[in-house]
1. Would you please give the FRET efficiency between Ile3 and Val83, computed as 1/(1 + (r/R0)^6) with r the Cβ-Cβ distance and R0 = 25 Å, to the nearest 0.05?
2. Can you work out the Karplus-derived ³J(HN,Hα) for every residue in the range 72-79? Use 6.51 cos²θ - 1.76 cosθ + 1.60 with θ = phi - 60°, whole Hz, and x for glycine or proline.
3. Of the peptides 63-70, 3-10, how do they stack up when ordered by the mean number of other Cβ atoms within 10 Å, highest first?
4. What distance in nm separates the simple spin-label points at Leu29 and Thr69, each placed 7 Å from Cα in the Cβ direction?
5. Taking K and R as +1 and D and E as -1, what net charge do the other residues with C-beta under 11 Å from the C-beta of Ile67 add up to?
Amino acid sequence: MEIGQLRHLVEIQEQTPATPPNPLMEAGLQRECVASIEPVQGREVERAKAIYSETSHKIVIRYNEDITTANRILFGERVFNLVL
């Protein structure tokens, strides 16, 4: 990985269970980091569809043991759920 590829500032959010009056999941900021975000194309889309039908982007960040599928990534207005 070249250093210039990690150029997007993203927020990694932790989803928490809803509180009684609000039935929706809530998300709070866990940390900010830099990432590489690329749309999935060609053969990658076909492989991704075999496992997960809605894989649209490949996001690469530096390793962090605290990140799980319970987290999500916020990039600008876009929200990405994680699939490991």
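Every number here is computed from the coordinates shown, using simple stated rules; none is lab data. Keep in mind it's a predicted model, so treat the numbers as computed, not measured. So basically every Cβ, Gly included, is an ideal-geometry build from the backbone, and we count neighbours across all protein chains shown.
1. 0.45
2. With coefficients 6.51, -1.76 and 1.60, one gets 9, 10, 10, 10, x, 9, 8, 10 Hz.
3. So the peptides 63-70, 3-10, ranked by packing, come out 3-10, 63-70.
4. 2.8 nm
5. In short, 0.
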